[in-house]
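The values are calculated or read from the model by the stated rules, or taken from the named source; none is laboratory data. All figures in this text were calculated on a predicted structure; none of them were measured in a lab. Here the Cβ positions follow ideal geometry from the backbone for every residue, glycine too, while neighbour counts run over all protein chains shown.
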């Protein structure tokens with residue numbers, strides 16, 4: 001019988017120490033850590049640095065991140081806070097594409113009508129620059145092609 | 001009146017109705033006495049027992065008292081539109097850029113100047129920027145943006161009121177049979193006062209724009225037309 005190695009199938013599993021992102025509920029958008037696994041449906045989480053009070057939560061309400069803290073099962077809040085700080089979780093999380101995407105989405109939502117217009121204009125300016133450069137390159141490429149062709153014709 | 005029957009009005013009310021004219025006159029006379037001495041001519045009167053003179057009133061009292069009591073106008077708490085208090089959304093302050101949602105200029109971003117007595121908002125494009133003249137808009141057809149101009153120093157002409165913008169009714173000339181099918185419509189003309197005020201106000205608004213930190217993009221912003229893109233929902237958006 002072949003034993004399935006879950007660690008090879010998935011790089012993120014529900015386990016003690018797994019840092020999770022809370023997808024919905026009152027603590028939506030906050031980071032927490034799985035401290036204990038209650039059963040197939042619920043885990044005990046705690047997020048002292050992000051303001052999540054120790055509580056049970058359904059797996060559907062959390063998204064697993066790629067981070068895992070080296071903690072013991074059922075670690076107390078105070079000790080967890082220390083580990084969190086030592087591992088620099090805030091910095092690590094902020095560096096992920098996930099966090100950046102959330103951040104940019106928030107910024108976009110907070111934009112006013114005039115801000116949206118400014119972004120539009122900035123994008124237009126960027127595209128103009130890119131097109132100019134592209135057309136220059138294209139023109140030079142075309143001219144070299146034609147010159148080759150003309151040489152061939154001469155021969 | 002039968003003693004067993006009910007009275008429609010109380011005795012007091014009936015008496016009040018019957019004596020209403022007397023009472024009114026009395027009140028009026030009392031006022032008149034307070035204000036000025038009775039108007040009239042003093043004439044000398046002969047006879048020993050008649051006093052030496054009498055006053056002939058300038059205005060005669062009516063010879064008859066009306067036989068019917070006229071219906072009295074009731075005091076109503078309702079106010080005509082003119083007396084209504086008009087609220088303004090707190091997000092709209094002088095200088096706020098508004099997005100017009102209805103009418104000829106819908107989609108345009110315009111500058112709010114002030115609220116008129118009818119509750120309508122006085123706005124300008126400015127006209128030279130996006131073609132929206134000095135104009136009245138109802139605030140329900142407007143989105144208030146967070147963008148504001150500082151127009152504290154602007155002096156608006158005092159004649160810019162509701163009457164100024166009202167359509168002037170012109171009497172139609174009676175139709176003759178000959179010109180039954182001729183179009184008698186006159187071309188719309190802009191009054192010289194509006195033209196003058198437009199130039200005056202626009203000049204000041206443009207000056208205010210030039211002082212805005214984003215003045216380079218501001219006129220472009222006012223020129224641009226508002227529309228919703230995919231996955232944009234106005235109730236979720238910040239303006």
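What are the pairs with Cβ atoms under 9 angstrom where one residue, in segment B:213-239, is within 19 Å of residue B:112 (Cα to Cα) and the other, located anywhere, is exposed (fewer than 12 other Cβ atoms within 10 Å of the Cβ)? Sequence gap at least six, or different chains.
Here the result reads B:218/B:210; B:238/A:109; B:238/A:110, each pair linking segment B:213-239 to a residue that is exposed (fewer than 12 other Cβ atoms within 10 Å of the Cβ).
Have a look at A:146, A:96, A:127 and point out the one that is within 28 Å of the chain's Cα centre (by Cα) and without any contact (Cβ under 8 Å) to a residue 24 or more places away in the chain.
Matching residue, one of A:146, A:96, A:127: A:127.
Here are the criteria: (1) outside the structural domain of residue A:47 (by TED's automatic domain parsing); (2) closer than 30 Å to residue A:30 by Cβ; (3) more than 25 Å from the chain's Cα centre (by Cα). Tell me which single one residue A:119 does not satisfy.
Tallying (1) outside the structural domain of residue A:47 (by TED's automatic domain parsing); (2) closer than 30 Å to residue A:30 by Cβ; (3) more than 25 Å from the chain's Cα centre (by Cα), residue A:119 fails exactly one: (3).
Give segment B:203-212 a look and list any residue that's more than 11 Å from chain A (Cβ to nearest Cβ) and either over 19 Å from residue B:113 (Cβ atoms) or in a loop (DSSP other than H, G, I, E, B) (or both), or say none.
Once the filter is applied, which keeps residues that are more than 11 Å from chain A (Cβ to nearest Cβ) and either over 19 Å from residue B:113 (Cβ atoms) or in a loop (DSSP other than H, G, I, E, B) (or both), segment B:203-212 yields only B:211.
Being out of contact with any helix residue (DSSP H, G or I) (no Cβ under 8 Å at 6 or more places or on another chain) and more than 25 Å from residue B:148 (Cα to Cα) narrows it down to one residue among A:123, A:107, A:101; which is it?
Result: A:101 is the single residue among A:123, A:107, A:101 that is out of contact with any helix residue (DSSP H, G or I) (no Cβ under 8 Å at 6 or more places or on another chain) and more than 25 Å from residue B:148 (Cα to Cα).
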